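The values are calculated or read from the model by the stated rules, or taken from the named source; none is laboratory data. Computed from a prediction, not measured in an experiment: that's the story for all the values here. Counting neighbours? That spans all protein chains shown, and the Cβs are built from the backbone with ideal geometry, glycine included. What goes into the accessible areas is simple: the full protein's heavy atoms, side chains included, and nothing from ligands, DNA or RNA. Shrake-Rupley method; radii C 1.70, N 1.55, O 1.52, S 1.80 Å.
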Amino acid sequence: MTSIQQRAELQRRIWQIANDVRGAVDGWDFKQYVLGTLFYRFISENFAAYIEGGDDSVDYAALSDIVITPEIRDDAVKTKGYFIYPSQLFVNVAAKASTNESLNTDLARIFSSIESSAIGYPSERDIRGLFADFDTTSNRLGNTVKDKNARLAAVLKGVAELDFGDFDASHIDLFGDAYEFLISNYAANAGKSGGEFFTPQQVSKLIARLAMHGQSSINKIYDPACGSGSLLLQAKKQFDAHIIEDGFFGQELNHTTYNLARMNMFLHNVNYDKFNIELGDTLIEPHFGDDKPFDAIVSNPPYSVKWVGSDDPTLINDDRFAPAGVLAPKSKADFAFVLHALSYLSSKGRAAIVCFPGIFYRGGAEQKIRQYLVDNNYVESVISLAPNLFFGTTIAVTILVLSKHKTDTTTQFIDASGLFKKETNNNALLDSHIDQIMAVFDSKANVDHFAQSVPFEKVAANDYNLSVSSYVEAKDNREVVDIAQLNAELKTTVAKIDQLRKDIDAIVAEIEGEEQEA
């Protein structure tokens, strides 16, 4: 099989495991066990490969725990961020899982040991609570210990049988892709509750390319509403040639999704010292104020969520919101996320943010914020996408690209709403579509019915409306009708009908005449 076929077969099998093993358990509830088991296997093999150091004579899984010295443990935690004893490795636990009557409690103890191994080390914050959602005592696994162990053993067995090959770069890529595949499938099958934390891979690719366009290196990349980390990791995948000097930064409000994001970083071989994912409300308790500015910011924040807004009078003096002179409406926090991103953006950087389309034309506080952005020349491009690209919503979203290094005062509008491939449940953005968007984004050329660069004065005169449809004329796909030709065809048709009627009348008269003679 080709590598593409192998990857497809691996994904088919892992999704089959996820569905077959869960039984009557809801797929969304069961996702943590499949994702957590995949993560457990990955860090086990990653750690064993580190200890063995490429020496074929060393088999870490076969060693006894008692041969591990404090020095070995200390050095490993400083490098990898955590420690796993040989007996705790996935391969050893999975091999005995079906006959282990205390499997659920053994796993809980192992996960606790892995997390606590980082206590007192720089990696403590990144390791703490990683397995918090892998609850081996949950009744979702079964009502009895026997039932719980049987389901856990089945998950371990299924994941153990997946063929990722030898632990090398391609092996790591397969692990990362399998994890992303699982997350995206769970999101697609969970409706709105699942889709809110996952940006489809192709949209993530476009956003990453927009944010990092034209930069040979960046200091670091940031996502203020990072979800499962897919946007940040697309930057890594798309721009291996770029040097992201200080790594990946993100903040996430939902605790379970926060854990997914950290696991996702490890599964894509981003070491603990190259990422910093924090838990909390970005708008009220932002992290990374001491780490800004960022050369690249990517984000797909929640659409039109409520926030405290003007109920907290201190926010109008916040460095992020004060320059605009007004706060985003309490019922629609979209522009609060936009202003936050702008505040954290460096003078050479770009921010690419997925937005709800209503914020680009509504009045009130949102219009005032748009005026602030346009008057200060921060809006580089506004790109409307096709509907139904995201899981859980059919909304045709818009990407807002902010820049602090524009060379002119025009604003570019791109209508990419016609760029999609129709699939069973969702529309899809293809690589060819992304290339089309990036080509015109780079050139800033005017293309009929697709892209227009609009002078500042025209945007200001239009009440700072930033809707793409206000500046890019939609193509008229109605069939062009030649009236003269149509009239000529009608005249010919009428003449034929008249002649046909005469012929029919003649035939009828002839028949009637024959009947009378008879």
> Of the residues R125, R109, R140, which is at pLDDT 95 or above, in a helix (DSSP H, G or I) and surrounded by fewer than 21 Cβ atoms within 10 Å (Cβ to Cβ)?
Replying inline: R109
> Counting only residues that are of a type in the set (A, V, I, L, M), touching a residue at least 40 places away in the same chain (Cβ under 8 Å) and open to solvent by 50 Å² or more (accessible area, probe 1.4 Å), how many does the stretch 256-313 have?
Replying inline: 0
> Any residue in the stretch 14-34 that is open to solvent by less than 20 Å² (accessible area, probe 1.4 Å), under 21 Å from Y121 (Cα atoms) and under 24 Å from the mean Cα position of the chain (by Cα)?
Replying inline: no
> Quick one: is T411 of a type in the set (S, T, Y), in contact (Cβ under 8 Å) with a residue 40 or more places away in the chain and buried (at least 19 other Cβ atoms within 10 Å of the Cβ)?
Replying inline: yes
>> I'd like the residue in the stretch 326-348 that is open to solvent by 10 Å² or more (accessible area, probe 1.4 Å) and either assigned to a loop (DSSP other than H, G, I, E, B) or among the β-branched types (V, I, T) (or both) and, out of all such residues, is nearest to V468 (Cα to Cα).
In response: K332
>> Six or more apart or on different chains, Cβ atoms under 6 Å: show the pairs whose first residue is in the stretch 127-151 and closer than 24 Å to S113 by Cβ and whose second is acidic (D, E) and open to solvent by 50 Å² or more (accessible area, probe 1.4 Å).
In response: R140/D29
> Consider V382 against the criteria (1) over 20 Å from the mean Cα position of the chain (by Cα); (2) surrounded by 21 or more Cβ atoms within 10 Å (Cβ to Cβ): it satisfies all of them except one. Which criterion is unmet?
Replying inline: (1)
> (1) at pLDDT below 95; (2) part of a strand (DSSP E or B): which one isn't true of A351, the others all being true?
Replying inline: (1)
> Taking the stretch 257-282, which residues are under 16 Å from the mean Cα position of the chain (by Cα) and either part of a strand (DSSP E or B) or hydroxyl-bearing (S, T, Y) (or both)?
Replying inline: T257, Y258, I277
>> Take the residues in the stretch 241-255 that are over 30 Å from D318 (Cα atoms) and not in a strand (DSSP E or B); name whichever of them is most open to solvent (accessible area, probe 1.4 Å).
In response: A241
> Inside the stretch 429-446, can you point out the residues that are in contact (Cβ under 8 Å) with a residue 12 or more places away in the chain, closer than 16 Å to V203 by Cβ and out of contact with any Pro (no Cβ under 8 Å at 6 or more places or on another chain)?
Replying inline: L430, D431, H433, I434, Q436, I437, M438, F441
